[in-house]
Amino acid sequence: FFETTSKDETDEERRRADSIFPSPDRRQAFRQMGISTVLEQQLTLNYKKDVVLDLLERKEINQEILRKFETIYLGSGVDIEYPLCLGARKIVLVDPEFENSEMIEIVLDKVVKITVKEPTKILEGTYNFLFDFGNGQEEVTVEFEKEPYASFESDSKYKIPDNVGLITTFLVPSGLSLGHPIDVRTLRDKLVSGGMVLVFGPALNEETLQRE
């Protein structure tokens, strides 16, 4: 396991984050955001943080949809901070790394560093915790999926459910964090009305953002 965090938060980044994130929990999640694969370096982390700030400044993310419907993060690694920054309340982290229970513990420890409270286990592989998105404490659920995802549903052990609010994955300079191409059209079919597919990374000129 390898993770790096932003070494030097610029005054401009701090100003934008303080303006966008109305609560200490959300600001801490943003500042704690890390990179969970050895392929991604400091430049990539800064890119990811910039994308989060840009999306929220442009109000591209429908917070009500993320409050009611699931956010699926494909190839997530231990990056719980990214969906929390976006505003996800029902988070599904999809990564074969979770076959190792220590990886789940890393995510739970990261939640404690943000909220100063232990998450509660409600089902096998599913936990909840309280998080302040800006309007007081709200319940967040995080589910860990260890089955791998493949773009062709017949090849995929993890099946994306219907009526999802947001499906996202992050590209690293050498390719997808999933290790294979992704079919955005297939993902769109899984969205609730008004939902979003967000595929982004420095391997692209700009983020691919499609709505249902």
Mind giving me the nanometre distance, one decimal, between the label points for ASP50 and ASN135, set 7 Å out from Cα along Cα→Cβ?
3.2 nm
Can you list the aspartates and glutamates whose alpha carbon is less than 17 Å from that of LYS157, not counting same-chain residues fewer than 8 positions off?
ASP95, GLU97, GLU99, GLU143, GLU145, GLU147, ASP183
Compute the distance in nm between two label points, each set 7 Å from the Cα along the Cα-to-Cβ direction, one at GLU102 and one at ARG58.
4.0 nm
Please report how far the C-alpha centroid of segment 129-150 lies from that of segment 73-121, rounded to the nearest whole angstrom.
7 Å
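Read-outs throughout are calculated quantities, based only on the coordinates presented, and are distinct from any laboratory measurement. Quick caveat, the model's predicted, so the values are computed rather than measured. When we count neighbours, we look across all protein chains shown, and the Cβ atoms used for this are built from the backbone with ideal geometry, even at glycine.
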